[in-house]
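See below for the structure under consideration.
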Amino acid sequence: ASMICQISWTRLLILFIGSSTYAYSVILLVFITGLSLGSAAFSKFGKYFKTDFFTAGTFYAALSGFIALGMYYTGFLPYIFVRILPFAVIRVIPVELLYVLVCSAMIFMPTFFMGAAYPVFISAATRNNEIIGENVGIYTGINTLGSIAGILASIFVIIPRFGIETGLIAAGMLYAIVSAALMLNSKRGHRVYLSGGVILLAISFNAFRKPWDPSILSSGVFVYAPEYREAKSFRDFKFIAGRNDILYYKDGNSATVSVLHSPVNERFLRINGKTDASWEMDMNT
């Protein structure tokens, strides 16, 4: 699930900050920082709560919830980028810091709970100190195999066939199922109701959440931010982005491809948000 998230987030965020070396580095930086701080927080504060399967399940429920929350405000990120970008242009803040802020808004809290939940689970599952090394080795091996499976599934099946959005939905649901299973295996009261509630909330969110707007995802704000400078609110931004008709939109193996038609009768093709061919200015390309 974590690898499905990382690949899906990377493919999503480069639509907003561009597919440069800096963008990939920043996404990886935020991801690893969240994992590290989550593990460090457990190391420091773990003694203040009971580290059993129920607690681990609670952490995974929070992780699933933050993935869902990030999906909810995905459409706002390009608008936030546009509003903050002028400060980077006049060098009030480095543009790389802007990348960090946009990425952190999406992935910091989920990765924080990823980093915290794993040691909570290990602590709950290795009560026998005589075989703690063996248990940690087994769980780490399973975790590594899961990571490999997540990478293969996301790049060869989930994203090219079903899209980035479905990838994050799948990861969030996986974490919700893990959360419910851990709660059921605990000895806490009301565990059946609580585990059922986690699954119900996850299903309800996916059932009632509005799908992402391809016009916003194709806005290419990292290149075309000046076109949105008149947007004083998110509604204005959405209106400007929606002026082009979406003729085609697809998350492919290596890029997100969109074909748009403008009100002035120009058709253009965008790769990861950037126009690379059109009837007019990019005809040579």
So the pair-distance distribution of segment 40-117, from every Cα-Cα distance in 10 Å bins, comes to percents of 17, 36, 25, 17, 5, 0
Relative to the chain, whose Cα atoms define the longest principal axis, helix 191-208 and its Cα axis are tilted in degrees, nearest 10, by 10
Rounded to the nearest 10, the angle in degrees between the Cα long axis of helix 77-89 and the longest principal axis of the Cα atoms of the chain comes to 70
GNM on the chain, Cα springs under 10 Å; top mean-square fluctuation among A23, A207, A153 goes to A207
Highest mean packing first, using Cβ neighbours within 10 angstrom, the peptides 135-146, 70-81 sort as 70-81, 135-146
The farthest towards the positive end of the charge dipole of segment 151-285, of the residues I203, N272, S154, given +1 on Cβ of Lys and Arg and -1 on Cβ of Asp and Glu, is I203
Quick calc, the chain, dipole around Cα centre from Cβ unit charges on Lys, Arg (+) and Asp, Glu (-), nearest 20 debye, gives 780
The relative contact order of segment 179-277, taking Cα pairs under 8 Å that sit 6 or more residues apart, comes to a percentage of 18
The alpha-carbon pair-distance distribution computed for segment 53-195, with 10 angstrom bins and whole-percent values, is 11, 29, 31, 19, 8, 2, 0
Taking the square root of 5λ for each eigenvalue of the C-alpha gyration tensor of the chain, the equivalent ellipsoid has semi-axes, largest first and in whole angstrom, of 39, 19, 18
By accessible area (1.4 Å), largest first, R127, R209 order as R127, R209
Carbon/sulfur accessible area of the chain, % of total, 1.4 Å probe, equals 65
Long-range alpha-carbon pairs in segment 219-280, meaning those over 13 Å apart, account in percent for 65
Quick numbers on segment 152-235, Rg and Dmax over C-alpha atoms in Å, give 18.7, 57
Summing -39500 (n - 2.57) over every DSSP H run of at least 4 in the chain, dividing by its residue total and rounding to the nearest 500, the 222 nm mean residue ellipticity is -21500 deg cm²/dmol
The answer for the chain, accessible area per residue at 1.4 Å probe in Å², is 52
Length-normalised contact order of the chain, Cα under 8 Å, at least 6 apart, in percent, tallies to 26
With Cα coordinates, the longest principal axis of the chain makes an angle with the long axis of helix 164-184, in degrees rounded to 10, of 10
Highest mean packing first, using Cβ neighbours within 10 angstrom, the peptides 264-277, 53-66 sort as 53-66, 264-277
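The values are calculated or read from the model by the stated rules, or taken from the named source; none is laboratory data. The structure displayed is predicted, hence computed values, not measured ones. Cβ sites come from the backbone with ideal geometry, for glycine too, and all protein chains shown count toward neighbours. Quick note on the areas: whole protein, heavy atoms, side chains included, nothing else; ligands and nucleic acids left out. Shrake-Rupley method; radii C 1.70, N 1.55, O 1.52, S 1.80 Å.
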